[in-house]
Amino acid sequence: MLGITREEMSGLRSASEPYARLVARRVREQLGATWGSPRPARADRPAIATATRRPRLLALSGPVELVTTLETGSSDREANMWRFARAALELLLSAMR
């Protein structure tokens, strides 16, 4: 759906900052939007998806492209979800400066 080619995927891992940046860019392009970002984690996923054992990639594509990896060091699901949301907003704010 995003039109990512095999050539673009060459050497990329799906759980990497370069891949997250590529997906953010393609979401923006496909939607004709000013900003694009990969789809956030769903709330109905197991707690492991928001625990420290799985770092969270945050990516943003627009007039600037930013990507960061966040590890909370906590297995508290709700606290992690708040932390990820706050980090995503901070990423957007830093891009708009």
For this session: Within the stretch 29-39, track down each residue that is free of Cβ contacts under 8 Å to residues at least 40 places away in the same chain, within 12 Å of Gly62 (Cβ to Cβ) and either open to solvent by less than 50 Å² (accessible area, probe 1.4 Å) or hydrophobic (A, V, I, L, M, F, W, C) (or both).
Result: Leu31, Ala33, Gly36
For this session: Please go through the stretch 1-25 and pick out each residue that is surrounded by 10 or more Cβ atoms within 10 Å (Cβ to Cβ), farther than 18 Å from Leu91 by Cα and in contact (Cβ under 8 Å) with a residue 12 or more places away in the chain.
Result: Leu2, Ile4, Glu8, Ala15
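The values are calculated or read from the model by the stated rules, or taken from the named source; none is laboratory data. Given the structure is predicted, the values throughout are model-derived calculations rather than measurements. In this analysis, Cβ positions are derived from the backbone assuming ideal geometry, glycine residues included, and neighbour counts consider all displayed protein chains. Ligands, DNA and RNA are excluded from the accessible area calculation, which covers all protein heavy atoms including side chains. Shrake-Rupley method; radii C 1.70, N 1.55, O 1.52, S 1.80 Å.
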